[in-house]
Structure formats: C-alpha cells, structure tokens
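These notes are about the structure you will find just below.
The values are calculated or read from the model by the stated rules, or taken from the named source; none is laboratory data. This is a predicted model, so every value here is computed, not measured. When we count neighbours, we look across all protein chains shown, and the Cβ atoms used for this are built from the backbone with ideal geometry, even at glycine. Quick note on the areas: whole protein, heavy atoms, side chains included, nothing else; ligands and nucleic acids left out. Shrake-Rupley method; radii C 1.70, N 1.55, O 1.52, S 1.80 Å.
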Amino acid sequence: MLLGLAGAPLFAAASAQAATTSTLLYSTDNGTTWSANPTVAPSATVLVRAWYNNSDPVEYTGAQVSTTLPSGFTLAPNSTMVCLNPTTPAGSEATPTLTEADGTTSSLVCNTSTGQSGAINEAAVWTGSTLTISPTAGLFGQPTGATSGVMEFGKKRYFNMNNCDRQISGNGPQLMTSITAPGLGPYVAGSNVSNSEDTTPTCPAAPGWPINLQGTQALDLLGKRYLNMNNCDRQISGNGPQLTTSITSPSLGPYQAGTNMKNTADTAPTCPAAPGWPVNISGNQPLDLLGNRYLNLNNCVRQIAGTGNGPQLTTTITSWSLGPYTAGTNMSNTPDTAPSCPAASGWPLNISGTQAFDTLDTTRGAGFVQFAMIAPTCPAAQTATLTGTGFTAPPSNSCLTIAPTS
C-alpha cells in the first residue's frame with residue numbers, strides 16, 4: 001500500500017526578511033523528479049530537500065533549517081548533506097547546471113565537494129527524529145555539525161582578475177596594473193566579477209607603453225571563503241627593471257603568482273622561480289569574502305625619486321613581507337572611493353587607483369539541506385480476525401493508503 005506525505009520545514013534566521021524563503025520537496029526516484037506531495041511505497045527510501053533562498057543583499061547569522069521526520073519514518077544514516085545550488089530555483093523538479101565558458105557544467109557545491117569541510121556530523125545536527133542545521137554547515141569552511149550559522153547572500157560566480165604588464169622597451173621600466181580606475185590614466189586592466197569565466201585579459205593600449213605580457217585568472221567564488229591574493233615582484237638586479245604579477249596564467253610564462261580561492265587562509269605567498277628574474281619582495285593577503293560584498297582592489301605604483309621613467313614597483317595588497325610598499329586592498333560591505341597607498345621612503349607614488357568589485361547577485365542565494373528517510377513497512381496497518389466456538393480463521397491484514405495533502 002502507499003503513503004502520501006505532507007509537511008513543511010521550519011526556517012529561522014535573525015531578522016528574517018520577506019525575501020528569505022524555504023520550500024520542502026520530496027523525491028521517490030532518487031532525485032530525478034521532485035514533488036511537494038508524493039506517494040510513497042512502504043519501506044521505500046525518500047529523498048527530502050529543504051530548499052532555502054536568500055534574495056536579500058545581506059547575509060544573515062543565527063540561521064537554521066529545521067524539520068522533523070513524519071511518524072514512523074527513520075533517517076537513512078549518513079545521508080544528510082548541505083549544498084549551494086544558486087542556478088536552480090526552489091520548486092523545480094530537476095537540478096539544471098550552468099554551462100560555463102570553458103564547456104564545464106557545474107553550479108552545485110556540497111559539503112563533500114573538493115575543498116569543503118566533509119561529511120555532515122549527524123550526531124550533532126539530529127536529535128532523535130528532529131533535524132536542526134545551519135544552511136551553510138560544511139560549506140565556506142564552516143563546521144560540519146553547526147546547528148545554526150551563516151546564510152550567505154548570493155554572489156556572482158567568478159572574479160576575473162587581469163594582469164597587464166607594460167614596458168617602454170627591451171628590459172626597460174615596466175608597469176603592471178590589475179584594475180580600471182581614473183587615477184591610472186590609460187594604464188588600466190579589465191578585472192571584473194561575472195557569472196562567466198574570462199578566457200582572455202583586457203589590457204587597453206597605452207601610448208609609449210606597449211604590452212609586455214598579460215594574463216587573466218578566473219577565480220571561482222562558489223562556496224569558497226578566502227581570496228588569497230599574492231604579490232610577486234621580480235627584479236633583474238639592484239634597482240634595475242622590476243616585474244610584478246598577482247595571478248596564475250599560462251600567458252605570463254614563468255612569472256606566476258599563486259593567487260587562489262579556497263576555504264583556508266594562506267600564510268605565505270607562492271612565487272615560482274623565473275630564470276634571470278629573482279624575487280625581490282613578495283607577499284600574501286587572505287581576503288575573507290564571507291558576509292562581505294565588495295572587493296576593494298588597490299593598485300599602487302611607486303617609482304624611485306627623480307628617475308623619470310626609472311624602476312617602478314607595483315603592489316596590490318597589504319602584507320608585512322612587503323615592508324612599506326603595501327596597498328590597501330580589502331573586503332567590506334562598503335565600496336572604497338580612493339586608494340590607500342602608504343608613503344614609502346625613496347619610492348614616491350607614481351600612479352594609484354582603487355576599484356570596488358560588487359560581488360552581489362541576489363538571484364544566486366539558493367541552496368538546500370538534503371537527507372534520505374525510510375518509510376515504515378506499513379504506516380497505517382489494520383488487522384481483522386474471525387473466531388468462534390471451535391474455530392479460528394486466519395487473520396486478515398491490510399495496509400491503508402493516506403492521501404496526500406493538496
């Protein structure tokens with residue numbers, strides 16, 4: 001016989017807004033289709049998804065997804081998972097994926113995905129038949145047993161960081177930029193945030209300063225907390241020409257820098273050796289994206305005093321290993337309007353700029369908590385017997401169907 005299910009999860013968040021919603025869905029065919037009112041066979045396994053969606057422009061803390069198993073149902077062990085699935089609206093039956101510029105199709109990241117925190121601690125989030133879990137447990141480096149936590153706002157998928165190195169001639173002075181800012185004049189670079197990956201850099205022509213080398217790196221923000229920014233400054237010798245890079249890109253040849261996105265903060269920069277160009281100074285800055293909307297990226301170009309087009313040193317980050325040659329790149333919920341480029345003795349500023357990259361995308365705040373539950377053998381059983389003087393008839397057993405709630 002069959003059983004119909006009905007129910008709704010309890011979704012709670014600090015200062016919950018109308019734009020935060022939840023939807024409870026079931027699948028009886030291992031995730032192929034989803035319904036709010038399925039019919040379930042006795043002893044069958046049912047997938048349950050409690051969708052959440054934050055289409056507000058802010059994160060919420062103290063958020064919880066809660067639900068209780070229907071009477072008679074049992075949890076399938078080790079089935080609880082938490083996922084971000086921003087391209088799938090709650091209520092859709094299938095789980096479509098976003099086709100990226102490189103042909104891959106991936107818009108789903110779960111607690112067991114590469115770089116995330118691992119299996120959910122069910123002993124921590126289940127109390128008997130009741131689930132209470134953070135909507136980001138096991139994601140963004142959050143604990144796998146979190147019963148409340150952050151509900152992040154939707155973010156664009158990629159930070160496409162550009163490196164544009166311009167050089168007057170030969171091994172002469174070099175100038176690297178990563179952003180578009182009025183203070184940089186024509187020496188701009190087309191870094192951006194987008195839901196698609198850039199495959200080529202944008203480095204506009206600058207009179208008298210032809211492009212030496214250029215590259216772009218698409219940094220995937222989905223489910224990741226830290227943008228670990230690198231600055232690798234290489235110098236031929238003494239106060240000779242300097243070449244600074246911030247990214248990993250094939251077109252930069254050996255002059256790479258290990259900027260990356262992951263859920264842990266790097267403590268040291270990655271600056272591979274480049275023949276003839278030893279590392280002069282280098283640094284690393286982990287930028288925490290969780291709950292922060294704007295990436296305020298600075299470019300600070302310094303030049304030895306009185307040298308005209310002499311050696312130039314570009315920095316984009318704050319790092320103790322860069323000494324006084326730092327730049328005020330930061331994550332914040334407010335956009336910077338001016339660069340922060342502290343004075344460095346003997347190296348006055350040449351040009352500088354800041355660009356505030358708005359990562360917000362209110363259409364991408366969806367995710368879900370999922371688990372599997374097993375239906376009772378017969379949820380509504382009834383037995384009739386017939387007895388009398390001198391006889392007992394075999395009992396009659398039946399299993400009732402309970403109609404779904406419409």
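Scan the stretch 162-181 for residues that are touching a strand residue (DSSP E or B) at 6+ places or on another chain (Cβ under 7 Å) and either open to solvent by 30 Å² or more (accessible area, probe 1.4 Å) or in a loop (DSSP other than H, G, I, E, B) (or both) and report the count.
Step one: list which residues in the stretch 162-181 are touching a strand residue (DSSP E or B) at 6+ places or on another chain (Cβ under 7 Å), which gives 162-167, 173-181.
Among the residues that remain, those that are also either open to solvent by 30 Å² or more (accessible area, probe 1.4 Å) or in a loop (DSSP other than H, G, I, E, B) (or both) are: 173, 178-181.
Matching residues across the stretch 162-181 total 5.
Might you check whether a residue that is in contact (Cβ under 8 Å) with a residue 60 or more places away in the chain and of a type in the set (G, A, S) occurs anywhere in the stretch 296-306?
no
Just one of V46, V82 is of a type outside the set (D, E), modelled with pLDDT of 95 or more, open to solvent by less than 30 Å² (accessible area, probe 1.4 Å) and over 19 Å from T132 (Cβ atoms); which is it?
Numbers: V82 fails: over 19 Å from T132 (Cβ atoms).
Just one listed residue meets the conditions, V46.
Could you check how many residues of the stretch 364-404 are out of contact with any strand residue (DSSP E or B) (no Cβ under 9 Å at 6 or more places or on another chain) and polar (S, T, N, Q)? Please lay out each step first, then the result.
Restricting attention to the stretch 364-404, the residues satisfying the condition of being out of contact with any strand residue (DSSP E or B) (no Cβ under 9 Å at 6 or more places or on another chain) are 387-392, 394.
If we keep only those that are polar (S, T, N, Q) as well, we get 387, 389, 392.
Summing the residues that are out of contact with any strand residue (DSSP E or B) (no Cβ under 9 Å at 6 or more places or on another chain) and polar (S, T, N, Q) in the stretch 364-404 gives 3.
Take the residues in the stretch 200-233 that are small (G, A, S) and within 29 Å of L108 (Cβ to Cβ); name whichever of them is surrounded by the fewest Cβ atoms within 10 Å (Cβ to Cβ).
Quick first cut of the stretch 200-233, residues small (G, A, S) only: 205-206, 208, 215, 218, 223.
Next cut, within 29 Å of L108 (Cβ to Cβ) only: 215, 218, 223.
Numbers: G215: 24, A218: 21, G223: 25.
Only one residue fits best here, namely A218.
So L131 fits all but one of (1) in a loop (DSSP other than H, G, I, E, B); (2) open to solvent by less than 20 Å² (accessible area, probe 1.4 Å); what number is the exception?
Single failed check for L131: (1).
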